[in-house]
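As structure tokens, the structure follows; a few thoughts come after it.
The values are calculated or read from the model by the stated rules, or taken from the named source; none is laboratory data. Keep in mind that what you see is a predicted model, and the values were worked out from it rather than measured. Methodologically, a virtual Cβ is constructed for each residue, glycine included, from the backbone with ideal geometry; neighbour enumeration extends over all protein chains shown.
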Amino acid sequence: MANTTDPTPATAERTFGWCHWHEGPSETALMVQIIEQGSGPGAGLYACAPCREQRRLTPLT
């Protein structure tokens, strides 16, 4: 049986998000609010660390 595991180490890539409060890219964006809609999918709003601190937003777990 052939070995199917990849021997190359995985590299940690940076993930970029979007902050809906300052309307820009962010590496620290976390979901802070969910908008539910009756018909169709809802939406999540994300805020970066500085915006969460300034506006006292609590991340959803």
| note | Residues in segment 45-61 that are in a loop (DSSP other than H, G, I, E, B) and either over 15 Å from the mean Cα position of the chain (by Cα) or surrounded by 15 or more Cβ atoms within 10 Å (Cβ to Cβ) (or both) total 3
| residue 49 fails exactly one of the following numbered conditions: (1) of a type in the set (Gly, Ala, Ser); (2) at pLDDT below 95; (3) in contact with a Ser or Thr (Cβ under 6 Å, 6 or more places away or on another chain). What is the number of that condition? | (2)
| field | Candidate set: segment 17-44, residues that are under 18 Å from residue 56 (Cα atoms) and loosely packed, with under 11 Cβ neighbours inside 10 Å; chosen: the one modelled with the lowest pLDDT | value | 34
| message | Can you confirm whether residue 5 is modelled with pLDDT under 95, part of a loop (DSSP other than H, G, I, E, B), under 14 Å from the mean Cα position of the chain (by Cα) and exposed (fewer than 10 other Cβ atoms within 10 Å of the Cβ)? | response | no
